[in-house]
Amino acid sequence: MRRFACAFAAALTLAFASPAYAGPATERAAILSTIARMQAAWNRGDFRGYMAGFRNPDVVFVSGGKFQDGWQGTLDHYIRDYGASPTTRGTLHFYDMKVDILARDAAMLVGRYRLERAGRVTEGVNTRLFRKAKGRWLISMNHVSAYDLVPAPAPTPSAPEAR
């Protein structure tokens with residue numbers, strides 16, 4: 001029994017000392033780096049590069065109250081609905097991101113985004129579950145809650161007051 005306890009303690013020590021887990025600050029930075037690469041890929045029109053941040057093929061993606069059809073279905077959606085031109089793609093910006101490390105191979109990111117397209121601005125919140133596999137943090141579940149901003153109407157000139 002003592003031999004088993006020593007072997008178990010040694011295994012735990014090796015597991016937590018493993019270079020695969022660099023500590024919460026480093027893991028958060030790696031996740032935020034993934035998000036930065038995704039944002040840059042979107043903004044240059046590289047939807048495959050954007051999707052490189054998602055687990056392939058079995059990412060769970062929920063948007064608009066609907067499930068997308070995995071990794072390929074999500075890519076197809078982006079190409080179909082945003083890929084016609086830089087104007088339809090717009091400019092994407094992620095911000096106000098909070099990353100919680102849940103385990104050595106799991107983290108949750110909650111953040112905001114803004115997508116500016118010609119005549120339309122969409123803002124929303126992303127909730128993303130990241131899983132670490134083979135040294136890479138990838139999104140395995142993505143939930144988006146979004147809304148369109150309505151541009152404020154231009155002020156109407158008022159008639160001069162009669163005195």
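Whether any residue in the range 88-99 is hydroxyl-bearing (Ser, Thr, Tyr), in a strand (DSSP E or B), within 19 Å of the chain's Cα centre (by Cα) and at pLDDT below 95 is what I want to check. No, the range 88-99 has no match at all.
All conditions but one from (1) of a type in the set (D, E, K, R); (2) surrounded by 16 or more Cβ atoms within 10 Å (Cβ to Cβ); (3) at pLDDT below 95 apply to ASP58; the one that does not is (2). Within the range 60-87, restricting attention to residues that are in contact with a Ser or Thr (Cβ under 6 Å, 6 or more places away or on another chain) and not in a helix (DSSP H, G or I), the residue that is farthest from ALA146 (Cα to Cα) is GLN68. Taking the criterion of being within 15 Å of the chain's Cα centre (by Cα), in a loop (DSSP other than H, G, I, E, B) and among the basic types (Lys, Arg), the only residue of the range 44-59 that qualifies is ARG55.
Here is the figure for the range 79-106: residues that are crowded, with 17+ Cβ neighbours inside 10 Å and of a type in the set (Phe, Trp, Tyr) total 2. Cβ-Cβ contacts under 6 Å between residues 6 or more apart (or on different chains), taken from a first residue in the range 120-132 that is in contact (Cβ under 8 Å) with a residue 12 or more places away in the chain and of a type in the set (Phe, Trp, Tyr) to a second residue that is surrounded by 15 or more Cβ atoms within 10 Å (Cβ to Cβ) and in a strand (DSSP E or B), are listed as PHE130/ALA107; PHE130/TRP137; PHE130/ILE139. Residues in the range 122-145 that are farther than 13 Å from VAL59 by Cα, of a type in the set (A, V, I, L, M) and modelled with pLDDT of 95 or more: VAL125, VAL144.
Screening ARG37, ARG112 for residues that are farther than 19 Å from TRP137 by Cβ, within 11 Å of the chain's Cα centre (by Cα) and in contact (Cβ under 8 Å) with a residue 12 or more places away in the chain leaves exactly one candidate, ARG112. Scanning the range 107-137 for residues that are farther than 30 Å from THR87 by Cβ, in contact with a strand residue (DSSP E or B) (Cβ under 6 Å, 6 or more places away or on another chain) and hydrophobic (A, V, I, L, M, F, W, C), which turns out surrounded by the fewest Cβ atoms within 10 Å (Cβ to Cβ)? In this case the residue turns out to be MET108.
The values are calculated or read from the model by the stated rules, or taken from the named source; none is laboratory data. All of these numbers come straight from a predicted model, not from anything done at the bench. Ideal geometry is used to build each Cβ from the backbone, glycine not excepted, and the neighbour counts take in all protein chains shown.
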